[in-house]
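Chemist: I am attaching a structure below and will ask some questions about it afterwards.
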Amino acid sequence: MKTLSTKRWQAAVSFLKNDARPLEGALVAYFFEGGTAERVWTELAHFQNPDGGFGHGLEADIRLLGSSVIATTVAFQWLRELQTPADHPLVVAGCRYLREQYAADHLNWSIIPPSIDDAPHAPWWQFDGDLMGRQINPRVEILGYVYDYAAHFPSGMREQLTDSVVTHLVSQSNEMEMHDLLCCLRLLETRSLPAVVREPLREKLTAVINHTVERNPDSWRVYGLPPLGVIKSPESLFAGLFTAEIEANLDFLIEQQGVDGTWSPAWSWGDLWPEAWAQAEREWRGALTLDNLRVLKAFGRVG
């Protein structure tokens with residue numbers, strides 16, 4: 001069993017403090033050094049626009065300054081993690097943006113705006129004009145935030161959206177795109193989710209995870225969903241499905257750390273916008289490194 005040495009840990013933390021975005025610097029201080037949530041909120045506020053949505057590269061593959069629903073969901077992942085109060089300005093404005101972007105006739109949100117082409121972005125973030133066709137990402141994840149911050153959303157909207165989401169999910173096959181699965185897991189993590197929603201969702205995701213997560217170590221070198229993409233700590237709901245694979249995946253994770261202490265993304269933009277990709281790649285190294293340090297710490301793999 002491999003462990004991350006103190007030296008390698010310190011190299012990763014040094015990168016996060018000195019070379020990553022200030023947001024990741026605030027987060028590493030919060031999670032490991034007694035830092036405050038207030039500092040994280042301050043950094044997160046730099047990504048919020050006057051309309052309440054988030055942009056400015058918070059989702060690093062989208063360099064659009066303006067707001068997008070996908071970047072706003074990234075913000076809410078952190079707002080939830082930090083247990084941000086419902087009356088916090090970031091939450092109040094963010095919920096307003098989600099309400100205003102909601103297409104009630106479709107019970108859905110457009111994941112990116114038409115203005116996506118006004119700034120560099122990854123080739124998979126192309127506006128195709130049919131974004132309401134996405135039935136899982138982002139609306140399933142957003143439903144969790146509607147429950148988290150229920151006072152900011154009409155109860156009728158929450159009920160309609162819940163019925164639509166549950167009906168759609170239970171009717172699907174157990175083959176699911178990995179990002180859709182991650183959105184479903186974020187919904188399942190919602191503390192205030194009613195049991196009548198939680199139990200069928202948990203049952204469905206158990207089957208989906210068994211079909212979606214890559215168990216073969218040879219597949220972990222390319223972009224995909226390894227066990228640790230789903231299991232973030234020994235207390236994770238589905239940890240028991242991957243006991244042996246988790247240990248191997250932790251060893252693999254330690255082996256993949258770069259000489260600068262970081263972990264690099266397994267994807268790129270190809271030949272598109274090389275300067276913008278260089279910045280995005282550095283920001284992804286910060287985000288991935290923070291996530292991996294948290295996972296290794298949770299599993300006791302830090303020397």
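The values are calculated or read from the model by the stated rules, or taken from the named source; none is laboratory data. Everything numeric here is computed off the predicted structure, so don't read it as measured data. Here Cβ is always computed from backbone atoms with ideal geometry, including for glycine, and neighbour counts include all displayed protein chains.
Chemist: Quick one: in region 217-229, of everything that is in contact (Cβ under 8 Å) with a residue 40 or more places away in the chain and out of contact with any helix residue (DSSP H, G or I) (no Cβ under 6 Å at 6 or more places or on another chain), which residue is nearest to A122 (Cα to Cα)?
Modeler: Among residues in region 217-229 that are in contact (Cβ under 8 Å) with a residue 40 or more places away in the chain and out of contact with any helix residue (DSSP H, G or I) (no Cβ under 6 Å at 6 or more places or on another chain), the one nearest to A122 (Cα to Cα) is Y223.
Chemist: Looking at (1) touching a residue at least 40 places away in the same chain (Cβ under 8 Å); (2) not assigned by TED's automatic domain parsing to the domain that holds T262, which is the only condition Q10 fails?
Modeler: Single failed check for Q10: (2).
Chemist: Let me ask something else. Scan region 244-264 and tell me whether some residue there is free of Cβ contacts under 8 Å to residues at least 40 places away in the same chain, in the same structural domain as E24 (by TED's automatic domain parsing), part of a helix (DSSP H, G or I) and touching a Lys or Arg at 6+ places or on another chain (Cβ under 7 Å).
Modeler: Yes, there is a match, as at least one residue in region 244-264 is free of Cβ contacts under 8 Å to residues at least 40 places away in the same chain, in the same structural domain as E24 (by TED's automatic domain parsing), part of a helix (DSSP H, G or I) and touching a Lys or Arg at 6+ places or on another chain (Cβ under 7 Å).
Chemist: As an exercise: evaluate S233 against (1) surrounded by 14 or more Cβ atoms within 10 Å (Cβ to Cβ); (2) of a type in the set (G, A, S); (3) within 21 Å of the chain's Cα centre (by Cα) and give the number of the one condition it does not meet.
Modeler: All conditions are met except number (1).
Chemist: Shifting gears a bit: Here is a list: F31, F54. Which entry is in contact with a strand residue (DSSP E or B) (Cβ under 9 Å, 6 or more places away or on another chain) and over 16 Å from V146 (Cα atoms)?
Modeler: Step by step, each of F31, F54 is checked, and only F54 is in contact with a strand residue (DSSP E or B) (Cβ under 9 Å, 6 or more places away or on another chain) and over 16 Å from V146 (Cα atoms).
Rundown of residues vs (1) under 19 Å from the mean Cα position of the chain (by Cα); (2) buried (at least 19 other Cβ atoms within 10 Å of the Cβ); (3) farther than 30 Å from T162 by Cβ, yes/no style:
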| residue | (1), (2), (3) |
| --- | --- |
| W9 | no, yes, yes |
| L23 | yes, yes, yes |
| F31 | yes, no, yes |
| S68 | yes, yes, no |
| T73 | yes, yes, no |
| D105 | no, no, no |
| S110 | yes, yes, no |
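Chemist: So which of D51, D61, D87 is free of Cβ contacts under 8 Å to residues at least 12 places away in the same chain, out of contact with any Gly (no Cβ under 7 Å at 6 or more places or on another chain) and assigned by TED's automatic domain parsing to the domain that holds I116?
Modeler: None of the other options fit; the residue is D87.
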